[in-house]
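Heads up, the thing below is written out as structure tokens.
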Amino acid sequence: VLDGLKSIKQPADAKSLAKNDAFVAICSLADLGRLDLIWKVTAAFYDMLKVANSAVSVNIVSAVPLSKQQAARVEKIVPKYVEGKLTPLINYTVDPTVLGGVMVQVENTMADTTSDSVLRAMQQHLNL
């Protein structure tokens, strides 16, 4: 596979060069029979991208897709959970197991306002 890459003309711009480097990395994993590592490699590249861009991952989980107004309200509170001048990279996820509410996760910090967490907290309080 890598022998065929030598015939590919090198791109001029940085974005195309990065895509080509990713292609070469994937082909290398394929040649080594290690495509099982693709998710780890992808995560490592994503982490390097975040560091290079002073960014942080933000995951928003809800039961249904958020409307534009709801997303705007959630995005207003995100900076409270982001340190310094980091840029939030927001990813919206729909989880049908969530009964209601929203969960916001910024790296290792989580604000869980889902109905399930509220009900669990009430249950723990009543059992005491």
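The values are calculated or read from the model by the stated rules, or taken from the named source; none is laboratory data. Quick caveat: nothing in here was measured; it's all calculated off a predicted structure. Cβ: placed from backbone, ideal geometry, glycine included. Neighbour counts: every protein chain shown. Ligands, DNA and RNA are excluded from the accessible area calculation, which covers all protein heavy atoms including side chains. Shrake-Rupley method; radii C 1.70, N 1.55, O 1.52, S 1.80 Å.
Kindly indicate whether any position in region 66-81 is surrounded by 11 or more Cβ atoms within 10 Å (Cβ to Cβ), among the small types (Gly, Ala, Ser) and in a strand (DSSP E or B). The answer is no; no qualifying residue exists. Pairing residues of region 29-53 that are modelled with pLDDT of 85 or more with residues that are in a helix (DSSP H, G or I) and polar (S, T, N, Q), at Cβ distances under 9 Å and at least 6 apart in sequence or on separate chains, gives Arg34/Ser28. Considering only residues in region 93-124 that are assigned to a loop (DSSP other than H, G, I, E, B) and under 16 Å from the mean Cα position of the chain (by Cα), the one that is modelled with the highest pLDDT turns out to be Asp95.
For Lys85, are the conditions met, namely being charged (D, E, K, R) and surrounded by fewer than 10 Cβ atoms within 10 Å (Cβ to Cβ)? So Lys85 fits the description; yes.
If the condition is being open to solvent by 90 Å² or more (accessible area, probe 1.4 Å) and either touching a strand residue (DSSP E or B) at 6+ places or on another chain (Cβ under 8 Å) or touching a residue at least 60 places away in the same chain (Cβ under 8 Å) (or both), then region 96-112 contributes only Met110.
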